[in-house]
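Let me begin by presenting the structure, written as structure tokens, before commenting on it.
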């Protein structure tokens, strides 16, 4: 038996229990989407100018906010009382955190306009709701398939 196994297991068990809580799952959904936004912007920065990246930013924010809403509902299941409100808030939080991080990386003057920021927040909130709605529909379809005895891929 490895002497470090018990030591690792002793210290990792509380982290495992912490990761299973609802707030940790909400936070991980948002953080993973912000990381996704940063990676997409990094990828686009290789062949696009900053102004062009800002032009496609609503698409990047929308896709990742929808992913956040879906991931949130998928990870928490029925543990959240108002799932669509949480999905909308998670999409908004994703856009807000990503915008704050990107404001320091990209040219700040291109992203600070009020109308652009409002459009980003509206896109994030709407796509977060859409992602949450897709997760609810996916879970209800899977539940119906299980009740009918069909295999779920």
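Would you list the helices (runs of 4 or more DSSP H) that sit entirely within segment 34-153 and hold 2 or more residues that are within 23 Å of residue 23 (Cα to Cα)?
Details: elements: 50-76, 83-105, 108-111, 114-148.
Result: 50-76, 83-105, 114-148.
Residue 75 - would you say it is within 30 Å of residue 24 (Cα to Cα), under 17 Å from the mean Cα position of the chain (by Cα) and surrounded by fewer than 21 Cβ atoms within 10 Å (Cβ to Cβ)? Even if it seems obvious, please write down each step before you answer.
Values: within 30 Å of residue 24 (Cα to Cα): yes; under 17 Å from the mean Cα position of the chain (by Cα): yes; surrounded by fewer than 21 Cβ atoms within 10 Å (Cβ to Cβ): yes.
Considered against the rule, which asks whether it is within 30 Å of residue 24 (Cα to Cα), under 17 Å from the mean Cα position of the chain (by Cα) and surrounded by fewer than 21 Cβ atoms within 10 Å (Cβ to Cβ), residue 75 comes out as yes.
Looking at 134, 102, which one is surrounded by 13 or more Cβ atoms within 10 Å (Cβ to Cβ), modelled with pLDDT of 90 or more and under 26 Å from residue 24 (Cα atoms)?
On the way: 102 fails: modelled with pLDDT of 90 or more.
After ruling out the rest, the residue left standing is 134.
Test residue 96 against the stated conditions and say whether it is within 24 Å of residue 29 (Cα to Cα), at pLDDT 85 or above and buried (at least 21 other Cβ atoms within 10 Å of the Cβ).
Details: within 24 Å of residue 29 (Cα to Cα): yes; at pLDDT 85 or above: yes; buried (at least 21 other Cβ atoms within 10 Å of the Cβ): no.
Spelling it out, it is not the case that residue 96 is within 24 Å of residue 29 (Cα to Cα), at pLDDT 85 or above and buried (at least 21 other Cβ atoms within 10 Å of the Cβ).
The values are calculated or read from the model by the stated rules, or taken from the named source; none is laboratory data. Just so we're clear, the structure is a prediction, and the values are computed from it rather than from any experiment. Please note: Cβ atoms are built from the backbone with ideal geometry, for glycine as well, and neighbour counts cover all protein chains shown.
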